[in-house]
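Colleague: This is the structure I want to talk about, given as structure tokens.
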Amino acid sequence: MTAIGLAQIAIVLIAVIVAAAPLGGYISRVLNGERSLLTPALAPVERAFYRCAGVDPAQEQSWLAYTMAMLAFSLVGFLSLFALQRLQGVLPLNPQGFGGVPADLAFNTSISFVTNTNWQNYSGETTMSHLTQMLGLTVHNFLSAATGLAMAFALARGFARAESPTVGNFWVDLTRATLYVLLPISIVVALVLVALGVPQTLQGSIEASTLESAKQVLSIGPVASQEAIKELGTNGGGFFNANSAHPFESPSALSNMLEIWALLVIPFATAFAFGRSVVDFRQGRAIAIAMLIVLVAGVLVAYWAEASGNPLLTDIGVDSSPGNMEGKEVRFGVATSALFAASTTGTSCGAVNAMHDSFMPLGGLIPLFNMLMGSIAPGGVGAGLYGFLLLAIIAVFVAGLMVGRTPEYLGKKIEAREMKLAMLAVLIYPLSVLCFTGASVMLKTGLDSLNNAGPHGLSEILYAFASATDNNGSAFAGLTGNTLWYNTTLGVAMLLGRFAFVIPVLAIAGSFAAKKKVAASVGTFPTHGPLFIGLLLGVIIILYLLQYFPALALGPIVEHFLMLAGKTF
Amino acid sequence: MSHKVAAPGLFDAAIIKRAAVDALKKLDPRRLARNPVIFVTEVVSAVVTAFFLRDLLAQNGAAFFSGQIAAWLWFTVLFANFAEAVAEGRGRAQADALRKTRSDTQARRLIDPENKSGMKEVYEGVSALDLKPGDVVLVEPGDLIPSDGEVIEGVASVNESAITGESAPVIREAGGDRSAVTGGTTVLSDWIKVKITAAPGSTFIDRMIALVEGAQRQKTPNELALSILLSGLTIIFLIVCVTLWPLAVYSGATLSITVLIALLVCLIPTTIGGLLSAIGIAGMDRLIRFNVIATSGRAVEAAGDVDTLLLDKTGTITFGNRMADEFVPVQGVSEQAFVEAALLASLADETPEGRSIVALAKSVVGFTTPKLGPEAQIVPFSAHTRISGVDLPGRTLRKGAVDAIAAHAQSVPVDFERAVERISRAGGTPLAVSENGRLLGVIHLKDIIKPDIKSRFAALRAMGIKTVMVTGDNPITAAAIAGEAGVDDFIAQAKPEDKLAYIRKEQQGGRLIAMCGDGTNDAPALAQADVGVAMQTGTQAAREAGNMVDLDSDPTKLIEIVAIGKQLLMTRGSLTTFSIANDVAKYFAIIPALFVVAYPELEAMNVMKLASPQSAILSAVIFNALIIIALIPLALKGVAYRPVGAAALLRRNLLIFGLGGVVAPFIGIKLIDLAVSAMHLA
């Protein structure tokens, strides 16, 4: 670990926090229907949308109606994307003449993009037509992120309101999140990326002369615009197969840092937006700090593990000073690769700038554990906040009892109904990750996809299901995912991770919105100070460590000890 | 002040014996199904027992290990049952005593209560158990009152010691606030006619018996929420353990079902699962020992949540009577002369106020008590003149209400008026003294705040509880007393409907209110309050409206009730935290033990350096069982509550039960491992 490396990490994170607080204020204003900076320009567009769609923006929905709208919207998105892939062979804008995408892959990909996962069991440039890419995948990059933000605000309203039968209007939230938040920021970030050298063109390819004077054909395209929403919407599906490791996606150390900034900024801003929505800035700040601590701890462990290098290579005389550079870009180095890895899994982004498969066992443990925790530090757009709030509810429940009161969070009493819903949601992760992993290692079809044997192979499968359930979409690589078994099970895992998780969350939103707000007193334990942050961190670590410790022990942890003993896979 | 009934020793031999038997009876799966965590433990204990039998028959050498695991898993279930049985046992002795009073008494029922015939009243003998609400019975000296009811005629002294433990008889009479009688109490003198208000089987005593026994105990709302959390964790750990099997197969390790079950039982929250109902019963029991009967566990929980206490001034904040506090002579009268006159005028005054003047004169000014000679002519207090006094030869001493005395005075000095005004403003009552028609000065009578009440309110404030004084005094007096007692707010010139309105207003603001009351006109407010404590001496209406009854009729007990409610919730939270935190160490014991054959490198994780894999697993299971027994005293006594802010309380409990919960099992499992390997058990 070097001072320069730590400084790079610090600079990115400080830039994120500095931008997140005001951006959070803006997001909160937009989604709470207040006037904001862009209202004069965008309000007519917004109104036009509502008129076309026949939506009355003043008509609020109960949590159930809100959920049904969200599910209906997602279902239509899934079906249309599925149809688009299957039919792309007979549809226009298909210069390469690709045939229809196979059913299981189309199923997996549709779910993947509708759930904001962007798990890719295919190579875009050899599978998807331009029409599928533009009308299908890119559109969902925006919409799935906007859906996440909408659901987070439904929950935030549950906390903010008292004795209210409604939690907002899904169509309005969706429109505003896209129009006011994602689109404008994406445009700005895309332009900056262009300035940093990322191509943005409709040209298909260019020809370059190599140093040996040979000719090489390099594919390019509208990369910058895709890159921006890939990070900002915590989507992660890259233009190129190599994702953010590709020089055209991220040409320099600076563009690399900008991309990390872009994938972290909205999730952190959402925490601040929550604080503003419940009219207590400190509540949002406490959540942001807790998220930051989990993120930084992960970054530091990963950085330490990677910077220490591989002892087996050091033993045979390889210079260990640059750290473990296998699978990493020289222009990024170990520090920002570790930061990228922790950030992309701490959010539900899933973009990569290095091969996580090539990380040291403990370095790879961090992205894996980040996802097993449900990507909550700081989490996907919207999804991070509601995931984190769910944990806060559980933490407050136990802690609230310890101060001798019926537990309450932000003035909302946590009772049997909320606890039931919270536990339902929390159960989904171990159910999906552990059961699918367990089934995969018992089946020949599951094991055939492995590249590596032993604990590393187990890590690859565990990583895949963690990534899918978590709607992250990053791949450990090494696992061949495009098989009937993995296409189907990973697809189901993505569905469970998104919808089976969020439906109880929205039900909690409805339940809280209907409740009275309990007045705070000295006897109420404060949820904005260091004590609460510490408590949250303790609950998160213990809860998830207990769930996944056996699996991790048989994966990266034992791999670490085996490596120290000189055994590799 | 409240008197606390001595609790039986935590491990009273008789209770232990009976609890041990009950623990076995409670193994009935139909009963255990109420408690998901322990139910799961019982099911898997049966499975391991089956494996033990198989090992025994197959003689594969595993029986010694699986037998021990099976035994300790059964112990885990039994210890949990035992905890509940001990908690129940502590209430049972009290229930048995109560049950005696409910024995089949004969009642004399009036055949024609409305007496339409106008003839002499006719009674018939019926069993007390046949009485229906609306029946009227006659109770005479020596009779047990057959059921709960309202006195509609007559007055009698009643011994209520069966319920309150207080042997001094109380007066029960028709009309007013002392008309309620309780079945099982005894009429000592005179007679009363009682209109029965309770249906058979639901009398006050019946309810009390059910409560102390915990027989019809329903899960309280918070207990239910916590059970859901624990069930959720149990399901999660079931998933973890079931899926561990394929992961182990992949890793080349063979796990027996026995060790997987051992891991499961160690992980699921058996500690809090086993103690949860004992904590609830013990909380109720603590309340009963304070002589407070709650009609439901829900009310006890609500007590912990109370934000605002509504307290009657008289009897709670102040002693019932006003007392002399200061002598203010007018100009030209020496203090000595004034105090002497006041003393003489009060010597024959046997009211508390009069006595307090004598006492103050003696203690503050240092007078010895003079004797009134036979020549003294005592003028008793009359409500008409509002004056009392004494006529001595040549001296006509009078004391009384300021305007009454001043009306007979020759002149009213300016400093007299000023003193009267000052005293009134301070919330006191001025009492004028005159000699031969000349005003000598003013005695300052004031409400004396109970000595320790201010610190108790400070403690409540530290808990985050607001205190509100309710008084019939005018706002000026009320403000003065409120300031002196340290309450946060007051309702002056309070009418019953003011209380109700105040409670509604506070509840609208999201606060929970507790109050106590005894009169029928308190009933609506008692019903509206989240915690309504009715006095045992109060009316039937008040007792029906509240959700607690204080048998000592001591309104200051609200403070203890709140503390008991908080303690109940705290104990649950603390033991839950402890239970979950324990799992960390159990993993470090069991995971290396499970996989060290497949991956010898995992020995590095055996941080406790446990002797062998089998010993590690057995030690973790033993620890898991013994910790339940070890925590029974804490579950019954409750975690100590201190009136400090929530943050300080949480920090303290997190440190003890969170951090302690992580560390303690590392030590405990290591010690058990040493014992297990020394005895060659594994």
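Residue-by-condition table, conditions (1) more than 26 Å from the chain's Cα centre (by Cα); (2) within 30 Å of A:S28 (Cα to Cα); (3) among the aromatic types (F, W, Y):
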{"residue": "A:Q96", "(1), (2), (3)": "yes, no, no"}
{"residue": "A:D104", "(1), (2), (3)": "no, no, no"}
{"residue": "A:N121", "(1), (2), (3)": "no, no, no"}
{"residue": "A:T126", "(1), (2), (3)": "no, no, no"}
{"residue": "A:N141", "(1), (2), (3)": "no, yes, no"}
{"residue": "A:A145", "(1), (2), (3)": "no, yes, no"}
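Colleague: Just one of (1) buried (at least 20 other Cβ atoms within 10 Å of the Cβ); (2) within 11 Å of chain B (Cβ to nearest Cβ); (3) of a type in the set (K, R) trips up A:R498, so point out which.
Modeller: (2)
Colleague: Right, something else. If A:G510 satisfies every condition in (1) crowded, with 22+ Cβ neighbours inside 10 Å; (2) assigned to a loop (DSSP other than H, G, I, E, B); (3) more than 13 Å from every other protein chain (Cβ to nearest Cβ) but one, which is the exception?
Modeller: Against the list (1) crowded, with 22+ Cβ neighbours inside 10 Å; (2) assigned to a loop (DSSP other than H, G, I, E, B); (3) more than 13 Å from every other protein chain (Cβ to nearest Cβ), A:G510 comes up short only on (2).
Colleague: Looking at the stretch B:149-160, I want the residues that are at pLDDT below 85 and have a partner that is buried (at least 22 other Cβ atoms within 10 Å of the Cβ) and not in a strand (DSSP E or B) with Cβ atoms under 7 Å, at least 6 apart or on another chain. Which pairs are those?
Modeller: Every condition considered, the pairs that remain are B:N159/B:T185; B:E160/B:T182; B:E160/B:T185.
Colleague: Filter the stretch A:553-569 down to residues that are more than 7 Å from chain B (Cβ to nearest Cβ), surrounded by 23 or more Cβ atoms within 10 Å (Cβ to Cβ) and out of contact with any Pro (no Cβ under 6 Å at 6 or more places or on another chain), then give me how many there are. Steps first, answer last, please.
Modeller: Initially, the stretch A:553-569 is screened for residues more than 7 Å from chain B (Cβ to nearest Cβ), giving A:555-557, A:559-560, A:563-564, A:566-569.
With surrounded by 23 or more Cβ atoms within 10 Å (Cβ to Cβ) added as a condition, the list becomes A:555-557, A:559.
Next, only the ones that are out of contact with any Pro (no Cβ under 6 Å at 6 or more places or on another chain) stay: A:557.
Number satisfying all stated conditions: 1.
Colleague: Next question. Taking the stretch A:181-202 as the region of interest, how many residues are farther than 22 Å from A:P40 by Cβ and loosely packed, with under 14 Cβ neighbours inside 10 Å? If you could, list the steps in order and put the result at the bottom.
Modeller: The initial filter retains those residues of the stretch A:181-202 that are farther than 22 Å from A:P40 by Cβ, namely A:189-190, A:192-202.
Add one more test, that the residue is loosely packed, with under 14 Cβ neighbours inside 10 Å, and what stays is A:195, A:201-202.
Count: 3.
Colleague: To continue, here is another question. Which one is farthest from the other protein chains (Cβ to nearest Cβ) among residues in the stretch B:575-618 that are under 30 Å from A:V403 (Cβ atoms) and of a type in the set (A, V, I, L, M)?
Modeller: In this case the residue turns out to be B:A585.
Colleague: So, in the stretch B:16-63, exactly how many residues are under 21 Å from B:I617 (Cα atoms), surrounded by fewer than 19 Cβ atoms within 10 Å (Cβ to Cβ) and touching a residue at least 24 places away in the same chain (Cβ under 8 Å)?
Modeller: Total satisfying the criteria: 3.
Colleague: Additional query: Could you figure out which of (1) at the interface with chain A (Cβ under 7 Å from one of its Cβ atoms); (2) under 20 Å from B:S296 (Cβ atoms) isn't true of B:V549?
Modeller: Checking B:V549 against (1) at the interface with chain A (Cβ under 7 Å from one of its Cβ atoms); (2) under 20 Å from B:S296 (Cβ atoms), the one that fails is (1).
Colleague: Within the stretch A:523-537, work out how many residues are at the interface with another protein chain (Cβ under 10 Å from one of its Cβ atoms) and crowded, with 19+ Cβ neighbours inside 10 Å.
Modeller: 6
Colleague: Go through B:I513, B:I481 for me and flag whichever is over 21 Å from B:V300 (Cβ atoms) and in contact with a strand residue (DSSP E or B) (Cβ under 6 Å, 6 or more places away or on another chain).
Modeller: Every option except B:I481 fails the conditions.
Colleague: Something else: Regarding B:A480, is this residue out of contact with any Leu (no Cβ under 6 Å at 6 or more places or on another chain), in a helix (DSSP H, G or I), more than 14 Å from chain A (Cβ to nearest Cβ) and hydrophobic (A, V, I, L, M, F, W, C)? It would help to see each step written out before you state the result.
Modeller: Values: out of contact with any Leu (no Cβ under 6 Å at 6 or more places or on another chain): yes; in a helix (DSSP H, G or I): yes; more than 14 Å from chain A (Cβ to nearest Cβ): yes; hydrophobic (A, V, I, L, M, F, W, C): yes.
Yes; evaluated as a whole, the condition is true for this residue.
Colleague: Let me ask another. Considering only the stretch B:169-183, I want to know if a residue exists there that is surrounded by fewer than 17 Cβ atoms within 10 Å (Cβ to Cβ), under 25 Å from the mean Cα position of the chain (by Cα) and of a type in the set (S, T, Y).
Modeller: No, the conditions are met nowhere in the stretch B:169-183.
Colleague: OK, next. Taking the stretch A:301-320 on its own, how many of its residues are without any contact (Cβ under 8 Å) to a residue 12 or more places away in the chain and farther than 22 Å from A:A565 by Cβ?
Modeller: Narrowing the stretch A:301-320 to residues without any contact (Cβ under 8 Å) to a residue 12 or more places away in the chain: A:313-319.
Next cut, farther than 22 Å from A:A565 by Cβ only: A:319.
Adding up the residues that qualify gives 1.
Colleague: Okay, next question. What's the number of the condition A:V217 fails, among (1) surrounded by fewer than 24 Cβ atoms within 10 Å (Cβ to Cβ); (2) on the phi > 0 side of the Ramachandran plot?
Modeller: (2)
Colleague: Of these, A:V114, A:V139, A:V101, which one is in contact (Cβ under 8 Å) with a residue 12 or more places away in the chain and more than 24 Å from A:L390 (Cα to Cα)?
Modeller: On the way: A:V114 fails: more than 24 Å from A:L390 (Cα to Cα); A:V139 fails: in contact (Cβ under 8 Å) with a residue 12 or more places away in the chain.
The conditions single out A:V101.
Colleague: If you don't mind, another one. Need the failing condition index for A:N471 against (1) within 12 Å of chain B (Cβ to nearest Cβ); (2) outside any helix (DSSP H, G or I); (3) buried (at least 24 other Cβ atoms within 10 Å of the Cβ); (4) out of contact with any Phe, Trp or Tyr (no Cβ under 8 Å at 6 or more places or on another chain), just the number.
Modeller: Of the numbered conditions (1) within 12 Å of chain B (Cβ to nearest Cβ); (2) outside any helix (DSSP H, G or I); (3) buried (at least 24 other Cβ atoms within 10 Å of the Cβ); (4) out of contact with any Phe, Trp or Tyr (no Cβ under 8 Å at 6 or more places or on another chain), the odd one out for A:N471 is (1).
Colleague: Taking helices (runs of 4 or more DSSP H) that do not extend beyond the stretch B:371-467, which have at least 1 residues that are surrounded by 21 or more Cβ atoms within 10 Å (Cβ to Cβ) and within 14 Å of another protein chain (Cβ to nearest Cβ)?
Modeller: On the way: elements: B:402-407, B:414-425, B:453-463.
It comes to B:453-463.
Colleague: Mind telling me which of the residues A:Q216, A:Q203 ends up being in contact with a Gly (Cβ under 8 Å, 6 or more places away or on another chain) and over 30 Å from A:L385 (Cα atoms)?
Modeller: Values: A:Q216 fails: in contact with a Gly (Cβ under 8 Å, 6 or more places away or on another chain).
Among A:Q216, A:Q203, only A:Q203 is in contact with a Gly (Cβ under 8 Å, 6 or more places away or on another chain) and over 30 Å from A:L385 (Cα atoms).
Colleague: I would also like to ask the following. Report those helices (runs of 4 or more DSSP H) wholly inside the stretch A:379-466 carrying at least 3 residues which are of a type in the set (A, V, I, L, M) and more than 9 Å from every other protein chain (Cβ to nearest Cβ). Before you say what the answer is, go through the steps one by one.
Modeller: Numbers: elements: A:383-402, A:416-442, A:444-448.
It comes to A:383-402, A:416-442.
Colleague: Looking only at residues that are part of a helix (DSSP H, G or I), free of Cβ contacts under 8 Å to residues at least 60 places away in the same chain and more than 14 Å from chain A (Cβ to nearest Cβ) in the stretch B:483-514, which one is farthest from B:R456 (Cα to Cα)? Give the derivation first.
Modeller: Initial filter on the stretch B:483-514 (part of a helix (DSSP H, G or I)): B:483-485, B:496-508.
Of the ones still in play, those that are also free of Cβ contacts under 8 Å to residues at least 60 places away in the same chain are B:483-484, B:496-498, B:500-501, B:504-505, B:507-508.
In the following step, the residues that additionally are more than 14 Å from chain A (Cβ to nearest Cβ) were identified as B:483-484, B:496-498, B:500-501.
On the way: B:G483: 14, B:E484: 13, B:P496: 26, B:E497: 28, B:D498: 25, B:L500: 25, B:A501: 26 Å.
Checking each candidate, the answer is B:E497.
Colleague: Here's a follow-up. Any idea which of A:I9, A:I14, A:I27 is surrounded by fewer than 13 Cβ atoms within 10 Å (Cβ to Cβ) and either of a type outside the set (S, T, Y) or in contact with a Leu (Cβ under 6 Å, 6 or more places away or on another chain) (or both)?
Modeller: Numbers: A:I9 fails: surrounded by fewer than 13 Cβ atoms within 10 Å (Cβ to Cβ); A:I27 fails: surrounded by fewer than 13 Cβ atoms within 10 Å (Cβ to Cβ).
One residue alone meets the criteria, A:I14.
Colleague: Just to be sure, is B:S189 of a type in the set (S, T, Y), part of a strand (DSSP E or B) and away from every other protein chain (no Cβ under 14 Å)? It would help to see each step written out before you state the result.
Modeller: Numbers: of a type in the set (S, T, Y): yes; part of a strand (DSSP E or B): yes; away from every other protein chain (no Cβ under 14 Å): yes.
Criteria met by B:S189.
Colleague: Being of a type in the set (A, V, I, L, M, F, W, C), farther than 14 Å from A:Y486 by Cα and surrounded by 24 or more Cβ atoms within 10 Å (Cβ to Cβ) is the filter here; which residues of the stretch A:426-466 pass it? Quick ask: steps written out before the conclusion?
Modeller: First pass over the stretch A:426-466, keeping only residues of a type in the set (A, V, I, L, M, F, W, C): A:426-428, A:431, A:433-436, A:439, A:441-443, A:447, A:450, A:453, A:458, A:461-462, A:464-466.
Cutting the leftovers down to farther than 14 Å from A:Y486 by Cα gives us A:426-428, A:431, A:434, A:453, A:458.
Selection gives A:V426, A:L434, A:L458.
Colleague: Would you pick out the residues in the stretch A:513-522 that are surrounded by 21 or more Cβ atoms within 10 Å (Cβ to Cβ) and not basic (K, R)?
Modeller: To start, the set of residues in the stretch A:513-522 that are surrounded by 21 or more Cβ atoms within 10 Å (Cβ to Cβ) comprises A:513, A:515, A:518.
Correct list: A:A513, A:V518.
Colleague: Quick one: would you say B:L360 is in contact (Cβ under 8 Å) with a residue 12 or more places away in the chain and assigned to a helix (DSSP H, G or I)? Talk me through it step by step, then tell me what you get.
Modeller: Values: in contact (Cβ under 8 Å) with a residue 12 or more places away in the chain: yes; assigned to a helix (DSSP H, G or I): yes.
Yes, satisfied.
Colleague: In the stretch B:651-682, which residue that is touching a residue at least 24 places away in the same chain (Cβ under 8 Å) and not in a helix (DSSP H, G or I) is surrounded by the most Cβ atoms within 10 Å (Cβ to Cβ)?
Modeller: Residue satisfying both the conditions and the ranking: B:A682.
Colleague: Please work out if A:V518 is part of a helix (DSSP H, G or I) and in contact (Cβ under 8 Å) with a residue 40 or more places away in the chain. Break it down into steps so the answer makes sense when it comes.
Modeller: Numbers: part of a helix (DSSP H, G or I): no; in contact (Cβ under 8 Å) with a residue 40 or more places away in the chain: yes.
Against the criterion (part of a helix (DSSP H, G or I) and in contact (Cβ under 8 Å) with a residue 40 or more places away in the chain), A:V518 does not qualify.
The values are calculated or read from the model by the stated rules, or taken from the named source; none is laboratory data. In this text, all values refer to a predicted model and were calculated from it rather than measured experimentally. Here Cβ is always computed from backbone atoms with ideal geometry, including for glycine, and neighbour counts include all displayed protein chains.
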